[in-house]
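These notes concern the structure reproduced below.
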Amino acid sequence: MSELSVEHLLGIKNLTPEDINLIFTTADNFKEVLNRPIKKVPSLRDITIANLFFENSTRTRLSFELAEKRLSADVVNFSASSSSVSKGETLVDTVNNILAMKVDMVVMRHPNPGAGVFLSKKVSAKIVNAGDGAHEHPTQALLDAFSIREKLGTVTGKKIVIVGDILHSRVALSNIFCLQKLGAEVMVCGPTTLMPKYIKSLGVKVEHDLVKALEWCDVANMLRIQLERQEIKYFPTIREYTLQFGLSMEILNKIKKPITIMHPGPINRGVEITSEIADSENSIILNQVENGVAIRMAVLYLLASKIKR
């Protein structure tokens, strides 16, 4: 298969396993480019990409921007906090104004679930969802699965536990879809109050004891507690959460096998994970950051090939 079955990257739900493997193979090639002295290719020289971030983001925005520049695309950055959106302009107006500037592709993060789908029906540009509310974050899931494949050789048959705030996490949902499509077993672990009611219908195991979850898994993906999305208190105190679900060397040493540790970032050091773990040889957190650029280059490149000139 040499092209994606989708016109936009709106969520992992819409991708086939073949799509995911095509993205991985393409990312392998771009990873080689990133390790060369000259890290640039002219693949998207005539393509203009607009980055629309209606929510604050540092790492994802920088990663996309770097991927775009490595592919030689023309880049327009748009931050909603300093734009007319704060004056009441609608999403469609904003995008139409940008498309009037002849933009080919839009990378968008938005607080509302489904914003990317809505947009894809209104404009002719290719849309990449860089996170829509607590719904999906497809490129994060792709880079996470790609990092597991790089570390363990394959994702198929591996046991992955996602620990923490599953309820508010778009990373968790995209990861569950992606890992299952690649043949992995998935478990979620965290307080009952941070589990969505529909979680079991996704075909994942649910565990509330961190040590049991770690004894089961090959890989632990530790999520950040998203205090900014929580309107009410879901657990008594941060300290209490850390005592039950925070990962420390003391807990890891109880497990009699090596476990790969991941984190989508930004890390709350000392809350869901200690600095000692984050910086240990078990951790592939920095590999995830590096792989993020290669995966995003692959996604942009593959979608750009579907732009009709």
Subject >> J(HN,Hα) series, segment 38-53, from Karplus relation 6.51 cos²θ - 1.76 cosθ + 1.60, nearest Hz, glycine and proline x >> reply: 9, 9, 10, 10, x, 4, 10, 4, 9, 9, 10, 10, 9, 9, 10, 10
Original post:
Angle, helix 138-152 long axis vs. longest principal axis of the chain, Cα atoms, 0 to 90°, nearest 10?
Top reply: 50
Original post:
Roughly what % of DSSP beta bridges within segment 130-255 run antiparallel, to the nearest 5?
Top reply: 10
**OP:** Compute the acute angle (0 to 90°) between the alpha-carbon long axis of helix 170-181 and the principal axis of greatest extent of the alpha-carbon atoms of the chain; round to the nearest 10°.
**Re:** 90
Original post:
What is the fewest-to-most order of D19, D46 by other Cβ atoms lying within 10 Å of their Cβ?
Top reply: D46, D19
**OP:** Could you please tell me the mean projected area of the C-alpha convex hull for segment 138-285, averaged over all directions and given in square nanometres to one decimal?
**Re:** 8.0
Subject >> DSSP-defined beta bridges in the chain - what % are antiparallel, rounded to 5 >> reply: 5
Original post:
Dipole magnitude of the chain about its Cα centre, charges +1 at Lys/Arg Cβ and -1 at Asp/Glu Cβ only, in debye to the nearest 20?
Top reply: 380
Subject >> Where the Cα pairs of segment 1-127 fall when distances are cut into 10 Å bins, in % >> reply: 11, 38, 37, 12, 1
**OP:** Round to the nearest 10 and give me the degree value, 0 to 90, for the angle of helix 285-304's Cα axis relative to the longest principal axis of the chain.
**Re:** 30
**OP:** May I ask for the Kirkwood hydrodynamic radius of the chain, worked out over all distinct Cα pairs and given in angstroms to one decimal?
**Re:** 19.9
Original post:
Do the alpha carbons of any pairs in K200/K306; K13/K40; K13/K122; K13/K158; K121/K306 sit beyond 27 Å of each other, and which pairs?
Top reply: K200/K306; K13/K40
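Values in this text are rule-based calculations from the coordinates and carry no lab data. Fair warning: this is a prediction, and the values are worked out from it, not measured in the lab. All Cβ positions, even for glycine, are placed from backbone atoms using ideal geometry, and neighbour counts span all protein chains on display.
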